[in-house]
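> Handing you this structure, nothing more for now.
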Amino acid sequence: YADSDPAVGAMVPLLHQPDGSKAHTFDTLVFDRHRYRDRADEPDPEGPLCAEVLIGAVFCLRMTAIRGIGGFDPRIFLFFEDDDLCLRLRRAGWSLVVVPAARAVHIGAASGRKSIAAFWERHWHFSWSEHYFAEKHGGRTARAAMARRNLRQHTRSVLLGVMRRRPRTLLRSLANLSGTLAYVLGVPASRTVG
């Protein structure tokens, strides 16, 4: 497909879970995701589909495109690196395409170790990277709005985790809250969070 369209900077196959159910293959920018319902019942595209953001589980990248935008942002350790790459590719004039004739199985969170520390780190980095992306591409106003929303949401989730005695919810919410606060306080993502 890449040979047929030189304007394509990145492509992904259609993604499915190991059980055959659909996995997210493409999305909208993080700023808009809260506006959309769950897309589990959305039909698969019948042919190539241009998208705003491609999920980075399986990326096929045109090297001239990736070199032209300077590659991946080294400040992002985990999460939103695909959003950042896609936005920069689009701004540079490249197309992002889902190619449903190609398929792949995505086993979510299978490449990381299974431990409380890894669970914490994953959720810490999710929040940190979400704020970094918001500020990088939306400015301080976007980051401040996200920080206010996330501080309220994660604080509420911490309290609910304590009241309902749900240790996993409590740990996830504390990690998310910690990642949010770390970004607001200027802690870089490369710093150990264990």
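> How would you classify the chain from its alpha-carbon gyration tensor, with a ≥ b ≥ c the square roots of the eigenvalues: rounded for a/c under 1.5, else prolate if a/b is greater than b/c, otherwise oblate?
In terms of gyration-tensor shape, prolate.
> Any chance you could give the angle, 0 to 90 degrees and rounded to 10, that helix 167-184 forms with the longest Cα principal axis of the chain?
For helix 167-184, the angle is close to 80 degrees.
> Tell me the per residue accessible area of the chain using a 1.4 Å probe; a whole number in Å² is fine.
Value for the chain: 57 Å² per residue.
> Against the longest principal axis of the chain, how steep is helix 116-163, in degrees 0 to 90 to the nearest 10, with axes from Cα atoms?
Approximately 50 degrees, to the nearest 10.
> Here is a further query. Shape call for the stretch 82-194 from the C-alpha gyration tensor, a ≥ b ≥ c root eigenvalues: rounded (a/c under 1.5), prolate (a/b greater than b/c) or oblate?
The shape class here is oblate.
> Just to be sure I understand: with springs between alpha-carbon atoms less than 10 Å apart, which residue in F126, F59, F26 has the highest mean-square fluctuation in the Gaussian network model of the chain?
Ranking F126, F59, F26 by mean-square fluctuation puts F59 first.
> Quick query: amide H of V8 versus all other amide H atoms, modeled in the peptide plane; which residues come in under 5 Å with a sequence gap of 5 or more or a different chain?
S95
> On the accessible surface of the chain, probed at 1.4 Å, how many percent belong to carbon and sulfur atoms?
The nonpolar share, carbon plus sulfur, comes to 56 percent.
> Name the residue, out of T64, T169, T180, whose mean-square fluctuation peaks in a Gaussian network model built on the chain with Cα pairs under 10 Å.
Of the options given, T64 has the highest mean-square fluctuation.
> Label points 7 Å out from Cα along the Cβ direction at C60 and S115: separation in nm?
3.7 nm
> Once you have the Cα-Cα distance between E46 and T169, take 0.36 nm times their residue separation minus that, and quote the gain in nm to one decimal.
Result for the pair: 40.4 nm of gain on full extension.
The values are calculated or read from the model by the stated rules, or taken from the named source; none is laboratory data. Remember, predicted model here, so these are calculated numbers, not experimental data. Reconstructed Cβ throughout: ideal geometry from the backbone, glycine too, with neighbour counts over all protein chains shown. Surface accessibility is based on the protein's heavy atoms, side chains included, excluding ligands, DNA and RNA. Shrake-Rupley method; radii C 1.70, N 1.55, O 1.52, S 1.80 Å.
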